[in-house]
Amino acid sequence: MANIASVTLEVDDTTAARHFYSTAFGLDSQVRLRTAQEPTTGFRGFTLSLLVSQPADAQGFFDAALDAGATALKPAAKSMWGYGGVVRAPDGTIWQIATSSKKDTGPAKREFDDIVLLLGVADVAATKRFYVDQGLAVARSFGRTYAEFESGDDAVKLSLYRRKALAKVAGVPAEGSGSHRIVVNGDLGPFTDPDGFAWESVSSSALA
């Protein structure tokens, strides 16, 4: 099974970003950092998600992110899908923090179940075919709207969504240009997908 071991975020200040991700989310090996070399404007075409078990956990991560310097794009709240909110980290990366549960089953925990990389793409069906050709297996797919790929238990999960729809979920305009400011580190690369998202092999990922 092909896996994503981590993602590398390209940021303007690696020290500040490292402090944020450690303080807000307790992330280490799943999110790597290196200094950005290319400019970017507007929506970068992706979001990262922390999926948790219950609303109290989502609220805890949401509040910790704000305390560490993130900006709220959508306040944490109950929805028809569960409970969650959206923040923009100080480096500009958009994070969704969510749970499918609407009720707490115990005390709040500083634990997450999964990290999901959601790519906003121009043509979900075409990009899905591209990734299948690279060796990924589809776990779930809803026509030209959404696709989710299989992954190992400890891997970053990969999903595809239409770019405009993803921007709406994130609470930002869909327009954007320049660098995506993210590199995917897995056992498939190196390559660049149809929407310009770059993959590198885990061993060759340049770290800050």
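All of the numbers you see were taken from the coordinates with simple rules; none came from a lab. All figures in this text were calculated on a predicted structure; none of them were measured in a lab. Cβ atoms come from the backbone with ideal geometry, glycine included; neighbour counts cover every protein chain shown.
Taking neighbour counts of Cβ atoms within 10 Å as a proxy for exposure, in what order, fewest first, do 41, 71, 93, 8 appear?
Working: 41 10, 71 13, 93 23, 8 20.
By the 10 Å Cβ count, ascending, the order reads 41, 71, 8, 93.
Could you line up 168, 74 from fewest to most neighbouring Cβ atoms inside 10 Å?
Numbers: 168 13, 74 17.
By the 10 Å Cβ count, ascending, the order reads 168, 74.
Return an integer: the convex hull volume of the alpha-carbon atoms of the stretch 84-135, in Å³ per residue. Let's see the in-between values first.
Numbers: hull volume 8.0 nm³, N = 52.
Measuring per residue, one finds 155 Å³ for the Cα hull of the stretch 84-135.
Can you give me the orientation-averaged projected area of the convex hull built on the Cα atoms of the chain, in nm²?
Working: hull surface 42.6 nm².
About 10.6 nm², averaged over all directions.
Assigning unit charges at the beta carbon (Lys, Arg +1; Asp, Glu -1) and nothing else, what dipole magnitude in debye, to the nearest 20, does the chain show about its Cα centre?
Working: 21 positive and 24 negative charges, 156 e Å.
Dipole size: approximately 760 debye.
Over 17 Å, how big is the tail of the calculated P(r) for the stretch 113-169, in percent of all Cα pairs? List each step's numbers first, then the result.
Numbers: 510 of 1596 pairs.
Roughly 32 percent, rounded to a whole number.
Arrange the following residues from fewest to most other Cβ atoms within 10 Å of their Cβ: 166, 117.
Details: 166 24, 117 19.
Ranked by crowding around the Cβ, least crowded first: 117, 166.
For the chain, what proportion of DSSP beta bridges, expressed in % and rounded to the nearest 5, is antiparallel?
Working: 36 of 55 bridges.
Of those bridges, close to 65 percent are antiparallel.
Around residue 139, which amide H atoms from residues at least 5 apart in sequence, or from another chain, sit under 5 Å from its own amide H, with H modelled in the peptide plane?
So residue 139 has HN proximity to 148, 149, 150.
Would you kindly give the portion of the calculated P(r) for the stretch 12-123 that falls above 21 Å, as a percent of all Cα pairs? Kindly include the intermediate steps, with their values, before the conclusion.
Numbers: 2171 of 6216 pairs.
Every Cα pair in the stretch 12-123 considered, those over 21 Å come to 35 percent.
For all pairs of alpha-carbon atoms in the stretch 116-208, what percent lies in each bin of width 10 Å, listed from the first bin to the last filled one?
The percentages, shortest bin first, are 15, 50, 31, 4.
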